[in-house]
């Protein structure tokens, strides 16, 4: 009889033990912020334009955890906290942004051409987001504005611009004269100057089309010739 009572009481004891466990069972595994994750992880934007970036705080298991965020910018960009993102109602019924929060959004603005960065801090961790603001156009230096057929002309870009083209296929640089292709015959080691030979019947000032140069190897830029 006693043995049966003990057996019947075991489920109750186990249930009571489980009910006594309060809170998230993974709490003991969480040790605050382990890393910050930025999306996107790098930004390319035009001068006077903006780009938003979401930053999340993660623990060692990859779960989002709440933390107080702050951000700073260097170079020709500025950063502001987006107060319209992830808002919640406070005790008085007003919609307000969260910070501390598990994730926040910042707005990055391009103010000047060049390389810059935004650094976000939370929970003793930080993440740096590279930002590049390329120029809208670049002046090219041309050795001969009215070349004859068979002449080799050179087109040089100002530093730090370089020509972007498919490796082993310099034709994608796209130099034309009077609508006709100018055959690429040389490219400098730094990819900042190309030499080409106009085809017979080509007249007019050289121009660039197709794949145009980039600053730091990224981005398409109009070349003024």
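Residues are listed down the side, and each one gets a yes or a no for (1) over 27 Å from residue 50 (Cβ atoms); (2) surrounded by fewer than 18 Cβ atoms within 10 Å (Cβ to Cβ); (3) in contact with a helix residue (DSSP H, G or I) (Cβ under 8 Å, 6 or more places away or on another chain):
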residue: 119; (1), (2), (3): no, yes, no
residue: 132; (1), (2), (3): no, no, no
residue: 146; (1), (2), (3): yes, yes, no
residue: 156; (1), (2), (3): yes, yes, no
Kindly list, by first and then second residue, each pair from a residue in the stretch 33-56 that is in contact (Cβ under 8 Å) with a residue 60 or more places away in the chain and on the phi > 0 side of the Ramachandran plot to a residue that is assigned to a strand (DSSP E or B) and surrounded by 14 or more Cβ atoms within 10 Å (Cβ to Cβ), limited to pairs with Cβ atoms under 9 Å and residues at least 6 apart or on different chains. 48/109; 48/110
Would you mention how many residues in the stretch 144-153 are in contact (Cβ under 8 Å) with a residue 12 or more places away in the chain, in a loop (DSSP other than H, G, I, E, B) and under 21 Å from residue 163 (Cα atoms)? 2
Give just the number: which of (1) farther than 29 Å from residue 161 by Cα; (2) part of a loop (DSSP other than H, G, I, E, B) does residue 47 not satisfy? (1)
Among the candidates 49, 9, single out the residue that is under 17 Å from residue 130 (Cβ atoms), modelled with pLDDT under 95 and surrounded by fewer than 14 Cβ atoms within 10 Å (Cβ to Cβ). 49
Are there any strands (runs of 3 or more DSSP E) wholly within the stretch 57-105 with 2 or more residues that are at pLDDT below 95, and if so which? 87-89, 95-97
Whichever residue in the stretch 111-133 is within 13 Å of the chain's Cα centre (by Cα) and in contact (Cβ under 8 Å) with a residue 60 or more places away in the chain and, among such residues, is farthest from residue 162 (Cα to Cα): 127
Of all residues being modelled with pLDDT of 70 or more and in a helix (DSSP H, G or I) in the stretch 158-185, which is surrounded by the fewest Cβ atoms within 10 Å (Cβ to Cβ)? Just the residue, please. 170
Among the listed residues 223, 215, 120, 131, which satisfies the condition of being under 30 Å from residue 70 (Cβ atoms) and at pLDDT below 75? 215
From the residues in the stretch 134-143 that are outside any strand (DSSP E or B) and surrounded by 14 or more Cβ atoms within 10 Å (Cβ to Cβ), which one is nearest to the chain's Cα centre (by Cα)? 134
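The values are calculated or read from the model by the stated rules, or taken from the named source; none is laboratory data. These numbers were taken from a predicted model, which means no experiment stands behind them. Neighbour counts run over all protein chains shown; Cβ positions are idealised from the backbone, glycine included.
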